[in-house]
Amino acid sequence: MEKIFETERLYVRRLIPQDAPFIIQLLNSPGWLRFIGDRQVKDETQALAYLQNGPFKSYQERGYGLLLVLRSSDNQPIGMCGLLKRPALSMPDIGFAFLPEYMGLGYAHEAAEATLAHAHKEWKVPQVAAITLPENEHSVRLLKKLGLQYQSEFSFPDSQEVLHLYAQEV
């Protein structure tokens, strides 16, 4: 399993099919369901389809995607962080999600900060955006801490949901 990068407390690598049980757990956690939405990933077959059509496809097409974040001390998977390229956005956006028991410990900031550094240096991505629900206070705080600034309200073409768009200033 190829390491993409490491931080003081974290090990970050590409997702692999064997991560399906973790994907089921993360995608059904309360924060994911509330702020990202139900992706109907309830079993291993659905988790493998999610991985195949999301992160694996992105790795192949773009060289980046959502990555697995593990705690270095015990190799415990704790979340995902990485870049996504959505057709409705002009630049890649950073996405992150962590299991509830690992929130509030600085892991998301550590992973996201390292992801942005890696994106600029290794993936040659000049600017990164982020989208979040306005009521997702944890994400909003983290995006601001990472130096992303509020740009505008944003909705996907096929949705009425109003999100907030953030971006790095260049």
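The values are calculated or read from the model by the stated rules, or taken from the named source; none is laboratory data. Owing to the predicted nature of the structure, the values given are computational and were not obtained by experimental measurement. Cβ coordinates were reconstructed from backbone atoms using ideal geometry, including for glycine residues, and neighbour counts include every protein chain displayed.
Some observations on this one:
- The residue list ALA112, ALA129, ALA97 contains one member that is within 16 Å of PHE5 (Cα to Cα) and either at pLDDT below 95 or of a type in the set (Gly, Ala, Ser) (or both), which is ALA112.
- Looking at LYS57, LYS42, just one residue is at pLDDT 95 or above, under 22 Å from ILE131 (Cβ atoms) and basic (Lys, Arg), and that residue is LYS57.
- Any pair with Cβ under 6 angstrom, 6 or more apart, that starts in region 98-127 at a residue that is among the aromatic types (Phe, Trp, Tyr) and ends at one that is assigned to a loop (DSSP other than H, G, I, E, B): TRP123/TYR64
- Number of residues in region 8-23 that are buried (at least 17 other Cβ atoms within 10 Å of the Cβ) and over 13 Å from PRO55 (Cβ atoms): the value is 2.
- The single residue among LEU105, LEU83 that is at pLDDT 95 or above, part of a loop (DSSP other than H, G, I, E, B) and closer than 23 Å to SER29 by Cα turns out to be LEU105.
- Applying the condition of being within 20 Å of GLU169 (Cβ to Cβ) and charged (D, E, K, R) to region 87-142 and asking which residue is surrounded by the most Cβ atoms within 10 Å (Cβ to Cβ) yields ASP93.
- Residue within region 16-34 that is farther than 14 Å from PHE96 by Cβ, assigned to a loop (DSSP other than H, G, I, E, B) and touching a residue at least 12 places away in the same chain (Cβ under 8 Å) present: yes
- Pairing residues of region 149-160 that are loosely packed, with under 10 Cβ neighbours inside 10 Å with residues that are of a type in the set (A, V, I, L, M, F, W, C) and at pLDDT below 95, at Cβ distances under 8 Å and at least 6 apart in sequence or on separate chains, gives PRO157/ALA88.
So that you can scan it fast, the table gives a plain yes or no per residue for (1) touching a Pro at 6+ places or on another chain (Cβ under 7 Å); (2) of a type in the set (Gly, Ala, Ser); (3) within 24 Å of TYR11 (Cβ to Cβ):
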site	(1), (2), (3)
GLN40	no, no, no
LEU67	no, no, yes
ASN75	no, no, yes
GLY79	no, yes, yes
ILE94	no, no, yes
TYR102	no, no, yes
